[in-house]
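Colleague: Here it is, the structure in full.
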Amino acid sequence: MKRSERAVLVCLVVAVGLTLRLAFVLTSVVVEPLRADAGQYAQYAHNLNAHGTFSLATTVPPTPDAFRSPGYPVFLAACQWLVGEAAGYSVARFLQAILSSCMVLIAFRLARRLMPFYAALAVTVLVALSPHLIIANGYILTESLTAFGLTSALLLTMGRTRREPMARFGAAGIVFGIVALLNEAIAPLPLLCALAAWRRWGKKRACTFAALALLPTLLWTVRNQSTTLAHTGGERLVASLSHGSYPQLFYKTEAFRNYPYREDPEQPEYGNSWSHFSQVFLQRAGAEKVRYLTWYLLQKPVWLWGYNIVQGASDAYVYPVQHSIFESVPVVDASRSVMRALHPWFAVLAFCGGCFSLLRSRTRPLGIAVIWCTLVYTLLVPDPRYLVPLRAVQAVLSVWVVDLLWQKWRRRSCAEAKVVAAATAQDPLRKNCTAEAASPRRERELVDR
């Protein structure tokens, strides 16, 4: 196939992804869109525009805090500054849909670093049709922007050669630094990538990449240390640890399934301080060792890599949505059904691909991203929502494993065919017998006998 024809195919898939994302954002109606986490991001954006303070407080003047990472509130505040607070949410969702569509093309370029065109095109289709990546654009939440930034950063780190230009590593570090401000769980990732690829990249490139990636987080830490804060990120971390500590996210009654902390008498103290959390957790885990070990080592990773959002509306929805294209358009709903059916297979393949990629210096950043995020979110609430930023990477790794198995099978088949051909060429009598046995008449005679 010609290069121009390949470009047309990729553009068609990207156009499908863009259409689905814009259609979902423009036609869907999120019920109470500024609830829970989204409401906190909205409050931060309001305080940034109205008072120039990063704060969750509703009092005037608001007291600075660091309960949330600053990246997404700044993005939301910029959208509101351009068009006003009411229209800013619509602009934010629209920009998320555009960037998510660009990520479809970025995923193709990332896949082409590892596999041939048709396999990379399959990755592009998976990313374009991913219900999680489509639906995430409709929420005032970080997952959509984080997915775009993380996929872009990993593409920049996956150079074609061992000695890419210094500017490429600088750009990768800057993008990683921005992503860390969107999601603090990403902050250690560039340092791990630099350490793992030290020999491949070289000392100078690795140091430049790590320094630029860690600089935004360092500046944010300096701000927090030099400011009197009402709340810190540590408070949210201990709360998240306590929320995810209940085996199967169940305490006593089915009414609070997936939200067990709402009926736990030890809450909110259990999730408010490290000392109280460690005391209660060690006591409970010590009384039911097998149950807690099974929960953390087996059940939590399976839940995390699942399809349905745990603490959400249903399916891939975080908050309830009306007039969704997945319910109103049969073709789109059929694509969701196919993606949901394939998800367990691709999840297993992606995890295997992440582990296998650690063995190769070039692909190691992909494996580090998958393993690191899995370990971090296994400690917290095991909700597939938190792995939405990795959906494109998961698609790349799953198809990569399939392609590797296919290439290995082809090489083995070709090797066996060459051996048979060589043996036949060296033995004329066997060659004649083989030709005779292959003839339809001879085959019928053998069957009759």
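The values are calculated or read from the model by the stated rules, or taken from the named source; none is laboratory data. Everything numeric in this text was worked out from a predicted model, so none of it was measured. When we count neighbours, we look across all protein chains shown, and the Cβ atoms used for this are built from the backbone with ideal geometry, even at glycine.
Colleague: Of the residues Tyr296, Tyr307, which single one is in contact (Cβ under 8 Å) with a residue 24 or more places away in the chain, surrounded by 15 or more Cβ atoms within 10 Å (Cβ to Cβ) and farther than 28 Å from Gly233 by Cβ?
Modeller: Criteria check complete, one pass: Tyr307.
Colleague: Filter region 308-337 for residues that are under 23 Å from Arg262 (Cβ atoms), part of a loop (DSSP other than H, G, I, E, B) and of a type outside the set (Gly, Ala, Ser) and give the result.
Modeller: Asn308, Ile309, Val310, Gln311, Asp315, Val318, Tyr319, Pro320
Colleague: Considering only region 287-320, state which residues are farther than 22 Å from Val348 by Cα and more than 22 Å from the chain's Cα centre (by Cα).
Modeller: Across region 287-320, the qualifying residues are Ala287, Glu288, Lys289, Val290, Arg291, Tyr292.
Colleague: Condition check: under 19 Å from the mean Cα position of the chain (by Cα) and modelled with pLDDT of 95 or more. Does Leu76 satisfy that?
Modeller: It is false that Leu76 is under 19 Å from the mean Cα position of the chain (by Cα) and modelled with pLDDT of 95 or more.
Colleague: Restricting attention to region 157-168, does a residue exist that is under 29 Å from Arg21 (Cβ atoms), under 19 Å from the mean Cα position of the chain (by Cα) and assigned by TED's automatic domain parsing to the domain that holds Val13?
Modeller: yes
Colleague: Turning to a different aspect of this structure: Working carefully through the options Ala107, Ala128, Ala87, find the one that is modelled with pLDDT of 95 or more and under 18 Å from Leu26 (Cα atoms).
Modeller: Matching residue, one of Ala107, Ala128, Ala87: Ala128.
Colleague: I'd like the full set of residues that are over 17 Å from Cys373 (Cα atoms) and in contact with a Pro (Cβ under 8 Å, 6 or more places away or on another chain), limited to region 179-198.
Modeller: Ala197
Colleague: Go through the residues of region 359-366 one by one and say whether even a single one is more than 21 Å from Arg109 (Cβ to Cβ), assigned by TED's automatic domain parsing to the domain that holds Ile134, part of a helix (DSSP H, G or I) and not hydroxyl-bearing (Ser, Thr, Tyr).
Modeller: Checking region 359-366: not a single residue is more than 21 Å from Arg109 (Cβ to Cβ), assigned by TED's automatic domain parsing to the domain that holds Ile134, part of a helix (DSSP H, G or I) and not hydroxyl-bearing (Ser, Thr, Tyr).
Colleague: Which of the numbered conditions does Phe356 fail, given that it passes all the others? Conditions: (1) part of a loop (DSSP other than H, G, I, E, B); (2) closer than 28 Å to Pro190 by Cα.
Modeller: Status for Phe356: all satisfied but (1).
Colleague: Scan region 7-22 residue by residue and report those that are over 13 Å from Ala136 (Cα atoms) and out of contact with any Leu (no Cβ under 8 Å at 6 or more places or on another chain).
Modeller: Once the filter is applied, which keeps residues that are over 13 Å from Ala136 (Cα atoms) and out of contact with any Leu (no Cβ under 8 Å at 6 or more places or on another chain), region 7-22 yields Ala7, Val8, Cys11, Leu12, Ala15, Leu18, Thr19.
Colleague: Of these, Ala45, Ala15, Ala50, which one is at pLDDT below 95 and not in a loop (DSSP other than H, G, I, E, B)?
Modeller: Checking each option against the conditions leaves just Ala50.
Yes or no, residue by residue, for (1) touching a strand residue (DSSP E or B) at 6+ places or on another chain (Cβ under 7 Å); (2) within 20 Å of Met166 (Cα to Cα); (3) in a helix (DSSP H, G or I); (4) β-branched (Val, Ile, Thr):
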{"position": "Ile178", "(1), (2), (3), (4)": "no, yes, yes, yes"}
{"position": "Arg223", "(1), (2), (3), (4)": "no, no, yes, no"}
{"position": "Thr227", "(1), (2), (3), (4)": "no, no, no, yes"}
{"position": "Val238", "(1), (2), (3), (4)": "no, no, yes, yes"}
{"position": "Asn258", "(1), (2), (3), (4)": "no, no, no, no"}
{"position": "Pro265", "(1), (2), (3), (4)": "no, no, no, no"}
{"position": "Phe277", "(1), (2), (3), (4)": "no, no, yes, no"}
{"position": "Ala285", "(1), (2), (3), (4)": "no, no, yes, no"}
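Colleague: Please count how many residues of region 340-366 are touching a helix residue (DSSP H, G or I) at 6+ places or on another chain (Cβ under 7 Å), farther than 12 Å from Val401 by Cβ and crowded, with 18+ Cβ neighbours inside 10 Å.
Modeller: Looking only at that region, the number is 2.
Colleague: Sticking with this one: Step by step: first the residues of region 333-372, then only those that are farther than 23 Å from Ala196 by Cα and of a type in the set (Gly, Ala, Ser), then the one that is nearest to the chain's Cα centre (by Cα). Which residue is that?
Modeller: My answer is Ala347.
Colleague: Of the conditions (1) in contact (Cβ under 8 Å) with a residue 40 or more places away in the chain; (2) farther than 30 Å from Thr27 by Cβ, Phe346 satisfies every one except a single condition; which number is it?
Modeller: All conditions are met except number (2).
Colleague: Do you know which of the residues in region 248-265 that are charged (D, E, K, R) and in contact with a Lys or Arg (Cβ under 9 Å, 6 or more places away or on another chain) is farthest from Glu235 (Cα to Cα)?
Modeller: Residue satisfying both the conditions and the ranking: Glu263.
Colleague: Now, a different point. What do you reckon, is Ala38 within 30 Å of Ala230 (Cβ to Cβ) and without any contact (Cβ under 8 Å) to a residue 12 or more places away in the chain?
Modeller: Spelling it out, it is not the case that Ala38 is within 30 Å of Ala230 (Cβ to Cβ) and without any contact (Cβ under 8 Å) to a residue 12 or more places away in the chain.
Colleague: Looking only at region 220-235, how many residues end up being farther than 19 Å from Val74 by Cα and under 28 Å from the mean Cα position of the chain (by Cα)?
Modeller: Residues in region 220-235 being farther than 19 Å from Val74 by Cα and under 28 Å from the mean Cα position of the chain (by Cα): 2 in total.
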